[in-house]
Amino acid sequence: MPKCRGQRAHPQGTSARNRVLHQPVRIARTAAPDLSRRAQVRLEMLDWHEGHGRNISLTGRHFGFSRPTVYRWLARQDRLRLETLEDRSSRPVRRRRPTWTLPELAAVRRVRLAYPRWGKDKLAVLLRREGHVLSVSMVGRILERLRRTGELREPARRRISARRRAWRRPHAVRKPRDFVAARPGDLVQVDTLDVRPLPGLVLKQFTARDVVSRWDVLELRTSASSRAAVAILDALAARMPFGVRAISVDNGSEFMAEFEQACADRGIALLTLPPRSPRLNGAVERANRTHTEEFYEVTDAEATLAELRPALLDWETTYNTVRPHQALGYLTPAEYLASLGPDV
């Protein structure tokens with residue numbers, strides 16, 4: 001039969017790749033509503049391929065696919081059935097068949113029903129005592145089979161202990177991620193420090209540090225209770241040369257109850273930190289180390305509350321008015337506040 005002009009005959013042995021390239025194309029343009037995202041990307045790739053000269057290399061570079069991948073989807077697609085662009089099942093053709101017997105299946109089910117909270121390790125021991133020598137993994141596969149077929153149901157949980165009621169704090173809120181202290185008094189970090197001057201003697205120091213001016217206020221008490229923590233608010237009002245607008249604390253019990261109510265009564269915002277995040281109170285954590293190294297480890301005061309409290313108050317004055325601070329350009333906190341002018 002004579003060939004028409006312009007018609008090219010494929011030579012004998014033409015590869016499947018070339019046959020794909022020369023097939024007429026009719027791709028359905030409307031994607032099925034349940035077509036997966038991966039299949040939609042493949043459909044977009046094939047549409048783009050047809051509209052740009054059917055260049056395999058160009059299509060692969062544009063979509064980030066290799067040439068064999070483009071060829072594979074060109075060959076696999078059925079232009080009238082878009083579901084052919086979906087991933088095929090990767091399930092093996094030949095699967096391992098169960099090797100257990102029906103009596104062993106029944107034995108596992110019986111033992112598990114008798115001890116519904118025991119796992120496959122314990123059940124394998126019990127079955128071995130009855131003469132059923134099953135590996136732990138096989139017992140696990142049998143249990144999975146029983147659950148899948150509905151022959152084994154996990155027992156419903158019955159809560160017998162009282163549920164702990166979540167504590168709703170009336171005033172404190174979680175510290176916002178974008179909180180920024182711009183002026184002295186915008187944020188004062190408060191924390192406690194264990195002071196152990198003698199074996200068996202434990203004192204509690206309340207440390208308050210303004211994160212902008214580095215001004216510190218220190219109070220020493222015999223315990224870290226919420227009532228004792230209120231004393232730090234009185235000390236802040238008396239010994240900080242500016243008003244305090246917000247305080248950040250961890251979730252210790254000493255910063256709840258009376259302390260929280262006192263903050264609310266004084267109009268001071270109380271910000272709490274997420275659990276296990278002391279780095280968010282890093283300024284006062286560093287202050288505790290400084291006071292330990294530069295006061296408690298070198299002081300000549302007697303290791304009693306009566307002797308340490310006045311000595312600590314003198315150290316607080318030295319810290320705020322004499323000690324140069326590298327973070328403040330080697331100014332003292334008092335000099336730094338003076339440099340800001342009278343509108344602090």
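Laboratory data are not the source of any read-out in this text; all were calculated from the coordinates shown. Computed from a prediction, not measured in an experiment: that's the story for all the values here. Please note: Cβ atoms are built from the backbone with ideal geometry, for glycine as well, and neighbour counts cover all protein chains shown.
Rank these for me by crowding, Phe179, Phe259, going from fewest to most other beta carbons within 10 Å. Each step should come with its number before you reach the end.
Details: Phe179 13, Phe259 27.
Least crowded to most crowded, the residues run Phe179, Phe259.
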> Quick one: Karplus J couplings for the range 119-126, per residue in order, coefficients 6.51, -1.76, 1.60, θ = phi - 60°, nearest Hz, x for Gly and Pro?
Replying inline: x, 5, 5, 5, 5, 5, 5, 4
>> Restricting things to Cα coordinates, could you compute the convex hull volume per residue of the chain in Å³?
In response: 376 Å³
> Taking the convex hull of the alpha carbon atoms in the range 188-344, what volume per residue do you get, in Å³?
Replying inline: 117 Å³
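Normalised by the number of residues in the range 173-339, what is the relative contact order in percent for Cα pairs under 8 Å and 6+ residues apart?
Over the range 173-339, the number comes to 22 percent.
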